[in-house]
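**Student:** The following block contains the structure, expressed as structure tokens.
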Amino acid sequence: MTRAPFEPLPYDEVPEEPRVPHGWSALRQETLRVASKHFGDTEVHARSLGQGEPLVLVHGLMTSSYSFRYVFAPLAERFEVIAFDLPGAGRSTAPDVSYGPRELAAFIGEVLRARNVYGARVVGNSMGGYLCMQLAIDDPRAMSRLLNLHSPGLVTPRMIALEAAFGVLPGAERVVDWLVRRDPYRWVHRNVHYFDETLKSREEHKEYGDPLTTPAGRRAFARYLADTLRASEMERFEARLAALGGEFPVPLALVYAEKDPMVPPAVGERMRALLPKATFTWLEDASHFAHVDASARFLAVAMPFLTEGLDAP
């Protein structure tokens, strides 16, 4: 049956295994022990493939390093590809602290140092791209170039409403906990959207939903909503971008999907206006997670930018 773009796949029809196979389970695994200034001693789960110049992949909200499953192998033809789980996501621990965007950005820098890839090329998806942009402004030496795939970072009505809800709703964190813990896997299913919803699987539900089965994981998720995506923080971030005068501290590529139910494409247009010297690409027939549902077209855009300046293979 042909489905319309973004047409929800009924939960009961989600297959156990992904329709499109991948090599996620065969990737090298490691646990990085990061002594973070803000987050404290944190265990960070990471996966890697390939060798040579390092390329670090940073995921977004509601997902984990698993989200890059379809691009690991092709990227590893040119790089040592490393993806890690942010605090409270995937298999990383979930410290009981605030999750402000600049603190998380600094944490990414601490992970880069712990893995000895400080100064690497970086891809950030969604919230991960927003955090990596914060890090590049705070510490331009942390990465040599950045590809930002459909990230938020600029204020939208949804972000304003989210901050207002956490500001006026008593016990908002407990409300999020109650909403999610009823069925974490259905929560993931309802809140991760693809252009082609048949790419979903029970395997994906488990990867993204398992952290939400624990009180610590749900607490971290609530703090991403309340702290990381705070509209007032995005206002400050936009002011920081404007102060750059259009010149981002590192080479930057902005890639946005033309249709996205999660972050309005208008955010991409506003980023483009703020950073006119960045490379900018629209992707058709793709979602917020183009590296999943339009991986070949994403790679066609990403590889020329990411390999620029490398020696020929």
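The values are calculated or read from the model by the stated rules, or taken from the named source; none is laboratory data. Not measured: the values here are computed from a predicted model. Positions of Cβ are generated from backbone atoms using ideal geometry, with glycine treated the same way; all protein chains shown enter the neighbour counts.
**Student:** Give all pairs with beta carbons closer than 8 Å in which a residue from region 173-185 that is part of a helix (DSSP H, G or I) and surrounded by fewer than 15 Cβ atoms within 10 Å (Cβ to Cβ) meets a residue that is of a type in the set (F, W, Y) and at pLDDT 95 or above; count only pairs at least 6 apart in sequence or on separate chains.
**Tutor:** These pairs meet every condition: L179/W187.
**Student:** Taking V188 as meeting all but one of (1) touching a His at 6+ places or on another chain (Cβ under 7 Å); (2) farther than 25 Å from A4 by Cα, write down the number of the exception.
**Tutor:** That leaves (2) as the condition not met.
**Student:** Take P261 and decide whether it is at pLDDT 95 or above, in a loop (DSSP other than H, G, I, E, B) and out of contact with any helix residue (DSSP H, G or I) (no Cβ under 6 Å at 6 or more places or on another chain).
**Tutor:** No: the conditions fail for P261.
**Student:** Need pairs with beta-carbon distance below 6 Å; first residue within 18 Å of S67 (Cβ to Cβ) and among the charged types (D, E, K, R) and within region 20-47, second assigned to a strand (DSSP E or B) and modelled with pLDDT of 95 or more; sequence gap 6+ or separate chains.
**Tutor:** Close Cβ pairs satisfying both conditions: R28/S48; R47/Q29; R47/A83.
**Student:** Return the residues of region 186-212 that are among the β-branched types (V, I, T) and assigned to a helix (DSSP H, G or I); say none if nothing qualifies.
**Tutor:** Those that are among the β-branched types (V, I, T) and assigned to a helix (DSSP H, G or I): V188, T198.
**Student:** Select from region 1-19 the residues that are touching a residue at least 24 places away in the same chain (Cβ under 8 Å) and hydrophobic (A, V, I, L, M, F, W, C) and list them in ascending order.
**Tutor:** F6, L9, V14
**Student:** Provide a single number: the residues in region 21-61 that are surrounded by 14 or more Cβ atoms within 10 Å (Cβ to Cβ) and of a type in the set (G, A, S).
**Tutor:** Total meeting the criteria: 6.
**Student:** How many of the residues in region 135-158 are under 16 Å from the mean Cα position of the chain (by Cα) and more than 24 Å from W282 (Cβ to Cβ)?
**Tutor:** Residues meeting the conditions: 1.
**Student:** When region 280-313 is examined, which residues are found to be among the aliphatic types (A, V, I, L, M) and without any contact (Cβ under 8 Å) to a residue 60 or more places away in the chain?
**Tutor:** Listed by number, the residues that qualify are L283, A296, A300, V301, A312.
**Student:** Tell me, please, whether a residue that is of a type outside the set (G, A, S), farther than 15 Å from Y99 by Cβ and in a helix (DSSP H, G or I) can be found in region 213-229.
**Tutor:** Within region 213-229, one or more residues are of a type outside the set (G, A, S), farther than 15 Å from Y99 by Cβ and in a helix (DSSP H, G or I).
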